[in-house]
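Asks: Could you have a look at this structure, given as structure tokens, before my questions?
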């Protein structure tokens, strides 16, 4: 299995970083796109995945939450496959309530009406709604959702959640990807005791916003935990030195991790 970061930046990023979207490649060669932000079409193009062949190059999509740096490219992706008579529907994995909100609040305005037709999300994607703590399997990889608090409105029923993913398979180490989350040290320490590697979003602004884990917060984690963490979703021109603070480092745009061994000590970077 391989994980390639086609982008590593925050919502306010540049083409040198792109927004934080990932490609997961199974041993079969099939690819799952984890999030599809506003600049995804450019980031994917740098991996030679273009609009005319996206249906052949991708098999599935997972959407973690509804901010534009994670869903802003979905209308483009939907039309790219819909208007290609040879393209298959891409599988869409997403938490069930988030799926309904994705259509009603984000995509419906652009995708519902075509000449002579009134369409739904299921006309564009092979939809797989998931429970908030649910699981799904894709190409021999087992995924488990974790509800991550991203924006706290003060009302639990109206908070903005992102859904992180645990990945397990016989052919790779156990991995956790936070997606977007506030700093939650107890949860991350617990997760670190269960997995071999963590990809954690990390804010590096001069100020701490309340919606992302900031580097200065993550730096307070125990060394055992930090040694399992790669940092992504950061801002440009950071002066932090993650290796010196015990982390594995900042993930670079285009960096691909090849997990060809179940042994967590045998992690290769292309």
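Asks: How high is the relative contact order of the chain? Use alpha-carbon pairs under 8 Å, at least six apart in sequence, and give a whole percent. If you can, show how the numbers build up before the last one.
Replies: Numbers: 581 pairs, mean separation 46.5, N = 270.
Computed over the chain, the figure is 17 percent.
Asks: I would also like to ask the following. What is the antiparallel percent of DSSP beta bridges lying wholly in the chain, to the nearest 5?
Replies: Roughly 55 percent of the DSSP beta bridges within the chain come out antiparallel.
Asks: Say R0 is 22 Å: what FRET efficiency, to the nearest 0.05, do residue 50 and residue 258 get from their beta-carbon distance?
Replies: Numbers: r = 24 Å, r/R0 = 1.09.
After rounding to 0.05, the efficiency reads 0.40.
Asks: Taking Cα centroids, how far is region 147-215 from region 102-142 in Å?
Replies: Region 147-215 and region 102-142 have Cα centres separated by 24 Å.
Asks: Any idea what the alpha-carbon Rg over 2.2 N^0.38 Å comes to for region 1-79? Write down the numbers at each step before the final one.
Replies: Numbers: Rg = 11.4 Å, N = 79, 2.2 N^0.38 = 11.6 Å.
Cα-based Rg divided by the globular estimate yields 0.99.
Asks: What FRET efficiency, computed as 1/(1 + (r/R0)^6) with R0 = 22 Å and r the Cβ-Cβ distance, is obtained for residue 120 and residue 147, rounded to the nearest 0.05?
Replies: Numbers: r = 26 Å, r/R0 = 1.17.
Taking R0 as 22 Å, the efficiency between residue 120 and residue 147 is 0.30.
Asks: Continuing with the same structure: Percent of alpha carbon pairs in region 2-267 separated by more than 35 Å? Working shown, then result.
Replies: Numbers: 4229 of 35245 pairs.
The answer is 12 percent, as a whole percent.
Asks: Once label points are set 7 Å from the Cα along Cα→Cβ at both residue 89 and residue 236, what is their separation, rounded to one decimal in nm?
Replies: Going from the residue 89 label point to the residue 236 one covers 4.0 nm.
Asks: A further question follows. Using 7 Å Cα-to-Cβ label points, what is the residue 209/residue 187 separation (nm, one decimal)?
Replies: 1.8 nm
Asks: Next question, about the same structure. Starting from the Cα of residue 128, move 7 Å in the Cα-to-Cβ direction to define the label point; list residues of region 39-78 whose amide nitrogen is under 16 Å from there.
Replies: Answer for region 39-78: 58-64.
Asks: What order, most packed first, do the peptides 111-118, 32-39, 63-70, 80-87 have when packing is the mean number of other Cβ atoms within 10 Å of each residue?
Replies: Numbers: 111-118: 10.1, 32-39: 24.0, 63-70: 22.0, 80-87: 14.0.
Put in order of decreasing packing, that is 32-39, 63-70, 80-87, 111-118.
Asks: Kindly provide the helix-only [θ] at 222 nm of the chain, computed as the sum of -39,500 (n - 2.57) over DSSP H runs of four or more divided by all residues, to the nearest 500 deg cm²/dmol?
Replies: Working: 10 runs with 53 residues, N = 270.
Here the helix-only value at 222 nm equals -4000 deg cm²/dmol.
Asks: Two decimals is fine: what's Rg over Rh for region 143-270, C-alpha atoms, Kirkwood radius as Rh? Please list the in-between numbers first.
Replies: Working: Rg = 14.6 Å, Rh = 15.2 Å.
Taking Rh as the inverse mean 1/r over Cα pairs, Rg/Rh reads 0.96.
Coordinate-derived values only; no laboratory data. Keep in mind that what you see is a predicted model, and the values were worked out from it rather than measured. We place every Cβ from the backbone using ideal geometry, glycine too, and count neighbours over all the protein chains shown.
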